[in-house]
1. Residue by residue through segment 3-44, note down the ones that are open to solvent by less than 60 Å² (accessible area, probe 1.4 Å), part of a strand (DSSP E or B) and modelled with pLDDT under 95.
2. Being assigned to a strand (DSSP E or B) and either of a type in the set (Lys, Arg) or more than 26 Å from PRO44 (Cα to Cα) (or both) is the filter here, so list the residues in segment 147-173 that pass it.
3. Would it be correct to say that ILE169 is hydrophobic (A, V, I, L, M, F, W, C), open to solvent by less than 20 Å² (accessible area, probe 1.4 Å) and modelled with pLDDT of 95 or more?
4. Any idea which residue in segment 62-115 is surrounded by the fewest Cβ atoms within 10 Å (Cβ to Cβ), counting only those that are small (Gly, Ala, Ser) and under 25 Å from GLU160 (Cβ atoms)?
5. On the given criteria, is GLY149 surrounded by 23 or more Cβ atoms within 10 Å (Cβ to Cβ) and touching a residue at least 60 places away in the same chain (Cβ under 8 Å)?
6. From ASP124, ASP184, grab the single residue that is charged (D, E, K, R), open to solvent by less than 10 Å² (accessible area, probe 1.4 Å) and out of contact with any His (no Cβ under 7 Å at 6 or more places or on another chain).
7. When segment 131-146 is examined, which residues are found to be surrounded by 24 or more Cβ atoms within 10 Å (Cβ to Cβ) and outside any strand (DSSP E or B)?
8. What strands (runs of 3 or more DSSP E) completely inside segment 46-94 contain at least 1 residues that are closer than 16 Å to GLU148 by Cβ and aliphatic (A, V, I, L, M)?
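The values are calculated or read from the model by the stated rules, or taken from the named source; none is laboratory data. Note that the structure is predicted; figures quoted are calculated from it, not measured. Backbone-built Cβ (ideal geometry, glycine too); neighbour counts: all protein chains shown. Accessible surface areas use protein heavy atoms only, side chains included; no ligands, DNA or RNA. Shrake-Rupley method; radii C 1.70, N 1.55, O 1.52, S 1.80 Å.
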Amino acid sequence: AAQGVRIVNIALRSERRDGRVLRGIVARNVVDLELADVDISGLPVGVAFCLASIRGSSRIERCRAHDCRSDRDWGAQHPQITGLEIDNDRIDDVATTGLVVDGFRAEDLTVGPAFLAAHGYETDGVNICAPEATGNLFRDILVRNVGEGIDTFGCDSRFEKVVAQNCHIYGIKCVHGASRNVFDRPIIRNAGLAGITVSGSNERV
């Protein structure tokens, strides 16, 4: 694993507005990661903050993903626009544990009519992709004008002061075995389909 990585006080802007799959920052297999005051915007399809297999005393503080958009029919591909993604591509099945995310913002992750007709509203503010991602803390999180606010498969984590506003599908979505998570004082405004949805899985996970 990489040790003690710090990325602070930077802004990333995509020069290409559509037609590519991009990632802003990718951190995989890192112990003691610090991301602070990082601002990412203008991506087409892709992930602003892409994390996997993060351990130790790792923190994401005051980071923001915003103004990302696509309006293409990506055919057989499965396009997704995500602010913060955790454990979609783990290293040797090592899960993210003990991560603290404080003051994260995901705003205006949107799609146009061609994308919407072909794929639906495939954007997430925060997407935790593995039930094995456990013991993480998410505090003071704002997701606004996205498809889904918090989409989690993870377990045994805590979410404090989550605000999900103008989410076109769900404000908070706990699926595929997401269990024993605590949501403390969430505020959900103007969810398109449901404020909170909780469901199991058709598969063993």
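1. LEU22
2. CYS155, ARG158, PHE159, GLU160, LYS161, LYS173
3. no
4. The extreme case among them is GLY98.
5. In short, no.
6. ASP124
7. Once the filter is applied, which keeps residues that are surrounded by 24 or more Cβ atoms within 10 Å (Cβ to Cβ) and outside any strand (DSSP E or B), segment 131-146 yields ALA133, ASN136.
8. Strands (runs of 3 or more DSSP E) meeting the threshold: 64-70, 81-86.
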